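Taken together, the values in this text are just the output of simple stated rules run on the coordinates, not laboratory data. These numbers were taken from a predicted model, which means no experiment stands behind them. Cβ coordinates were reconstructed from backbone atoms using ideal geometry, including for glycine residues, and neighbour counts include every protein chain displayed.
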Amino acid sequence: MPEDEFAKKMATVLSPSHAIDSVELLKGRDAQLSEIRRAWHQIGRQIFIYGYRGVGKTSLAQTAAHQQQSSDQHPIRVICEENGTFTKVVHDIFCRAFPADPRILKQKLDAAVGLKVGTFSAEMRQSIEAGIPPEPKSINEAVLITKFLMSFHSAHPVIIIDEFDMLKNKSEAAKFASYIKELGDSSINVKFIFCGIGEAIDTFFATHESAYRQFHTVKLERLDFDPRLEIIKSASEALNIFIDKTTALRIARVSDGFPHFIHLICEKLFWIIYEDSPDLKVRADHFERAINNAVSVIEPYLKKPYEKATQTYSNDCEEILWAVADDHQLQRPTKEIISSYERIMRTRGKEPLAKNTFYSRMNQMKTEARDSILIGTRSGWYEFREKMMRGYARMRATQERVELDVEHPLQKKKFQREN
Ligand SMILES: Nc1ncnc2c1ncn2[C@@H]1O[C@H](COP(=O)(O)OP(=O)(O)OP(=O)(O)O)[C@@H](O)[C@H]1O
Ligand SMILES: [Mg+2]
């Protein structure tokens, strides 16, 4: 296959740098998709998807939105920004929903008078007639304009409000609760999906408890083992590449359930195979080379704190981080971390740190000077602050030929079943 054809085909099955919007590519989320569909049967009920960074929130939101959105339009997606405001986000929605032709707006405005949307201020009306999306000055105005625009946007409009956690200002976030409630009370035919990192949802509902009734919340976990393998299988099959079971399992394991890592490692691996194997079969050193290539392009928000935490004068923290990542559980008690650490040090033929030094290193990694790469949850339990860091630490360990999480019960079962 010529290179550009291979590249084009690969881009249809692997997407390390963008979210998915098709049900064929979205693996392991069928239950959540039907949960969302069912929740939406209730008029006025909206969806809030939450989970760790990179677990696949936007991909689930986009896929669910495409399933619900009628084919006369695309779903609308807006992204919240740091220091953003309610007005700014809603204004972005209006900009996306505004038809390009102002004549349509004029017609709709005239028709809307009969539909009790006549309370538009002169200023708002002028702006709409001129084809300029107005900035709402209150929640009421925001509701009014949303109702107006959605009445002709499409038969079944869907709006995604993504990265809601970026709205740090609590009172701004709370305005969304009132907005959604108002829209729900007037039985407007529009579906919303909010996405945000875990903590966003606590803040949101803490400030506006009654909003719980308006929302169906979907907690998204890391991908299970089978869907991880499915991503690898369907991508490799589309490119006629042969990946043996051991390599597929190693990719699934090192990814720690974060789909970005699976896409990225597969992309690197498939290119190596393309260049190296005329029969498109994976060879002995390909996996290690793919990991090296993947590690070299990892985003700075993972790479920098990792290096800051590990490249120290004593240079003895890296194996500790690997030990924290050496299990499928996010939180681990010190006792287990130590036993992982001792195993890792044995495989490297190195002397483990004395217990006191080990504890002091663990504590150092909780400090701001080390970007708080680790956090303590309850007494003696540790986890990575940024959960995706686990996958990165696993790739770094693999680079050094240290395999982590080899005893995962699910993997064993899977391995035995398939062999
Ligand atoms: N269920 C899935 N099956 C296959 N690939 C997936 C799945 N979910 C997400 N991905 C892929 O994983 C990566 C991250 O997904 P996505 O951007 O949706 O995550 P996110 O939770 O929105 O991330 P962030 O917190 O950074 O916004 C993307 O490359 C996407 O293509
Ligand atoms: Mg996202």
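The table for this structure:
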| read-out | value |
| --- | --- |
| Surrounding net charge for Y341, when Lys and Arg each add one and Asp and Glu each subtract one, Cβ distance under 13 Å | 0 |
| Percent RCO, i.e. relative contact order, over segment 215-313, from Cα pairs under 8 Å lying at least 6 residues apart | 25 |
| Pairwise FRET efficiency - T347 versus T312, Cβ, R0 = 25 Å, nearest 0.05 | 0.70 |
| Residues of segment 44-83 with amide N under 14 Å of a point placed 7 Å along Cα→Cβ from S210 | none |
| Dimensions (Å) - segment 215-322, Cα atoms, principal axes, largest first | 47, 46, 22 |
| Shape category assigned to segment 81-153 from the gyration tensor of Cα positions, a/c cut at 1.5 | prolate |
| For segment 178-304, size of Cβ-based charge dipole, Lys and Arg +1, Asp and Glu -1, in debye | 120 |
| Qualifying lysines (Cα of each under 16 Å from Cα of K304; at least 8 residues distant if same chain) | K366, K387 |
| Anchor K57: aspartates and glutamates whose Cα lies under 13 Å away (excluding residues fewer than 8 positions away in-chain) | D21, D162, E163, D165, E221 |
| Whole-angstrom gap from segment 296-332 to segment 68-100, using each part's C-alpha centre | 38 |
| Centroid-to-centroid separation of segment 236-256 and segment 158-193 [C-alpha atoms, Å] | 40 |
| Prolate/oblate/rounded label for segment 331-405 (Cα gyration tensor, a/c 1.5) | oblate |
| Distance histogram for segment 29-220 (every C-alpha pair counted, 5 angstrom bins, percent rounded to whole numbers) | 1, 8, 17, 21, 21, 15, 10, 5, 2, 0 |
| Stretchable slack from S372 to A354, in nm (0.36 nm times residue separation minus alpha-carbon distance) | 4.2 nm |
| Square roots of five times the Cα gyration tensor eigenvalues for the chain, Å | 46, 27, 18 |
| Binned Cα-Cα distances of segment 1-80, short to long, each 5 Å bin given as a whole percent | 3, 12, 21, 22, 19, 10, 6, 4, 2, 1, 0 |
| Nearest-20 debye value, the chain charge dipole, Cβ charges on Lys, Arg, Asp, Glu | 840 |
